[in-house]
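The values are calculated or read from the model by the stated rules, or taken from the named source; none is laboratory data. Predicted model only: the values in this text are computed from it and were never measured. Cβ placement follows ideal geometry from the backbone for every residue including glycine, while neighbour counts extend to all protein chains displayed.
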Amino acid sequence: MNLQNQITPSSPHSFLNPEGWVPAKGYANGMMAEGKVIFTGGLIGWNAQQQFEHEDLVGQFEQVLKNIVAVLETAGARPEHLVRLTWYITDKAEYLANLKQIGAAYRRVIGRHFPAMAVVQVVALMEDAAKVEIEATAVIPHE
């Protein structure tokens, strides 16, 4: 097993990358963690009053990340405790056209922590105005 870092109190997880694989860029192929597990529901890009402040994918994406961080904070977790993100987007072309802005929004909210991730295009989300929905899993390390 190739562990890119070891589990310690300051680093609650290890990135998993099989030997011989080119390291993933912008996400991890796998994560290993120990501790309290936090799961979010599918969160979308509206504010705390369930109102959309942005119609565009990038604005909604940044708001979703802020929503994830807010949920994590209620459990005492931080963005670096994230081990998995699953994104559901409604428009692959809009996503690909805005990768640079999406990356910048990600780094503003989450930083340079890139857990295991999957991005899936879906036909629609339950809220008609939503362009992105993200489920998150985080692990707070044992004390």
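A few remarks follow.
- Some residue of region 107-117 being farther than 24 Å from PHE15 by Cβ and touching a residue at least 24 places away in the same chain (Cβ under 8 Å): no
- For VAL58, the criteria (1) buried (at least 17 other Cβ atoms within 10 Å of the Cβ); (2) under 26 Å from SER14 (Cβ atoms) hold in every case but one, which is (2).
- When residues of region 118-136 are limited to those that are in contact (Cβ under 8 Å) with a residue 40 or more places away in the chain and touching a Lys or Arg at 6+ places or on another chain (Cβ under 9 Å), the one nearest to MET31 (Cα to Cα): ALA136
- Subset of region 24-49 that is small (Gly, Ala, Ser) and part of a loop (DSSP other than H, G, I, E, B) - its residue that is nearest to GLU94 (Cα to Cα): GLY45
- Scope region 50-90; condition outside any helix (DSSP H, G or I), more than 11 Å from the chain's Cα centre (by Cα) and under 22 Å from GLU34 (Cα atoms); matching residues: ALA75, GLY76, ALA77, ARG78
- Pairs where the first residue, in region 55-66, is among the small types (Gly, Ala, Ser) and the second is buried (at least 21 other Cβ atoms within 10 Å of the Cβ) and modelled with pLDDT under 95, C-beta under 6 Å, 6+ apart: none
- So VAL132, is it touching a Phe, Trp or Tyr at 6+ places or on another chain (Cβ under 7 Å) and among the β-branched types (Val, Ile, Thr): yes
- Taken over region 65-117, the criterion of being of a type in the set (Gly, Ala, Ser), more than 17 Å from ALA24 (Cα to Cα) and surrounded by 15 or more Cβ atoms within 10 Å (Cβ to Cβ) is satisfied by ALA77, ALA105.
- Count - residues of region 113-138 that are part of a strand (DSSP E or B) and out of contact with any helix residue (DSSP H, G or I) (no Cβ under 6 Å at 6 or more places or on another chain): 8
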